[in-house]
Amino acid sequence: MQEMEAAAMLQVQGLAKSLGGRPLFAGLELSVAAGEFVAVMGESGTGKSTLLNLIAGLERADAGSIAVGECALADLDDRSITLWRRRALGFVFQAFHILPHLSVLDNVALPCRLNAMPASEARSTALAMLSGVGLAERSASAPGELSGGELQRVAIARALVHRPQLVLADEPTGNLDPDNAARVLQLLAGEVRRRGAACLMVTHSQQAASVADRVLVLREGRLQAP
Ligand SMILES: Nc1ncnc2c1ncn2[C@@H]1O[C@H](COP(=O)(O)OP(=O)(O)OP(=O)(O)O)[C@@H](O)[C@H]1O
Ligand SMILES: [Mg+2]
């Protein structure tokens, strides 16, 4: 445990957050090591998506600290958080958030472009990532022409393409058949372990959780052993 804390890529301490006057977390603790893939399970409404939003700096905590690598979120103003998120974070949203007016390829290339990668390199990097999720042949399609499961795979490719330190994934296999779920989970886990990134994945799926190094359950405002 001591060793893991020394190499923590994500460190959450004493986190508190209330929504609508109801406390969701009080004193929540979490440490994820570099190269570690952690699954978070728990009943609907316990605050799993809110926890990811807090770690991504999309919402502010009421108390406590969140550090990703060397970066302590509470020290950053909103502009700095946006810049940090663009560089260091990959986020697979529960509702995908694929931009409808960009092609599949341009959606996946976007994080690279936002990090100032030249356009041709961004496109080839994005195409390689799309082939990793089995969608290379759909790269020119408009998102509106894709199924829910295909959009989910585009979202996963986009979350990994710029090689972020931390990947947050909210139900990334919720719309996938078992074969495609297994494929994207292997991709997620492989990317995270090979590059020494960290991944926190919210899931209701035992299949998805079984790929993780560690499973935690969000219950009564704390992350607990299953
Ligand atoms: N802006 C808000 N104002 C008030 N309450 C909110 C707000 N956003 C979320 N909540 C409530 O906070 C709780 C946690 O929501 P959250 O989306 O984090 O749950 P979850 O664990 O991700 O659930 P699910 O498994 O269904 O996705 C829910 O009860 C939700 O209704
Ligand atoms: Mg949720």
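The values are calculated or read from the model by the stated rules, or taken from the named source; none is laboratory data. From a predicted model like this one, the values you see are computed outputs, not experimental measurements. Cβ coordinates were reconstructed from backbone atoms using ideal geometry, including for glycine residues, and neighbour counts include every protein chain displayed. Note: areas computed on protein heavy atoms with side chains; ligands, DNA, RNA excluded. Shrake-Rupley method; radii C 1.70, N 1.55, O 1.52, S 1.80 Å.
Structure data summary
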read-out	value
Between helix 119-132 and the chain: long-axis angle, C-alpha atoms, 0 to 90°, nearest 10	80 degrees
Size of region 123-226 as Cα extents on the principal axes (Å, biggest first)	45, 28, 22
Accessible area expressed per residue, the chain, with surrounding protein chains retained (probe 1.4 Å, Å²)	45 Å²
Förster radius 45 Å - calculated FRET efficiency between Ser120 and Arg60, Cβ distance, rounded to 0.05	0.70
Charge dipole magnitude, Cβ of K and R +1, D and E -1 - the chain, Cα centre, debye nearest 20	280 debye
Accessible-area value, Leu83, 1.4 Å probe, nucleic acids and ligands omitted, Å²	70 Å²
For Leu223, residues with placed amide H under 5 Å, excluding near neighbours	Glu29
Solvent-accessible area, 1.4 Å probe, carbon plus sulfur percent, for region 1-73	51 percent
Helix 178-195 axis, angle to the chain major axis (alpha carbon atoms, nearest 10°)	70 degrees
Accessible area (Å², 1.4 Å probe, nearest 10) - Asp78	100 Å²
Candidate residues Glu191, Glu70: accessible-area rank, largest first, probe 1.4 Å	Glu70, Glu191
Exposure of Arg214 as accessible area (Å², to 10), given a probe of 1.4 Å and all protein chains	60 Å²
The chain - Rg and Dmax from Cα coordinates, angstrom	16.9, 49
The chain - mean residue ellipticity at 222 nm from DSSP helices (-39,500 (n - 2.57) per run, n ≥ 4, rounded to 500)	-11000 deg cm²/dmol
At 1.567 mPa s and 4 °C, Stokes diffusion of region 38-95 via Kirkwood alpha-carbon radius, µm² per second	104 µm²/s
Apportionment of accessible area to carbon and sulfur, region 85-226, percent (1.4 Å)	51 percent
Listed residues Gly35, Met129, Leu58: farthest to the positive end of the dipole of the chain (Cβ charges)	Met129
Calculated log₁₀ intensity ratio I(q)/I(0) where the Debye formula runs over C-alpha points of region 1-62, q = 0.22, 0.23, 0.24 Å⁻¹	-0.98, -1.04, -1.11
Two-decimal Rg to Rh for region 62-164 - Kirkwood Rh, Cα set	1.03
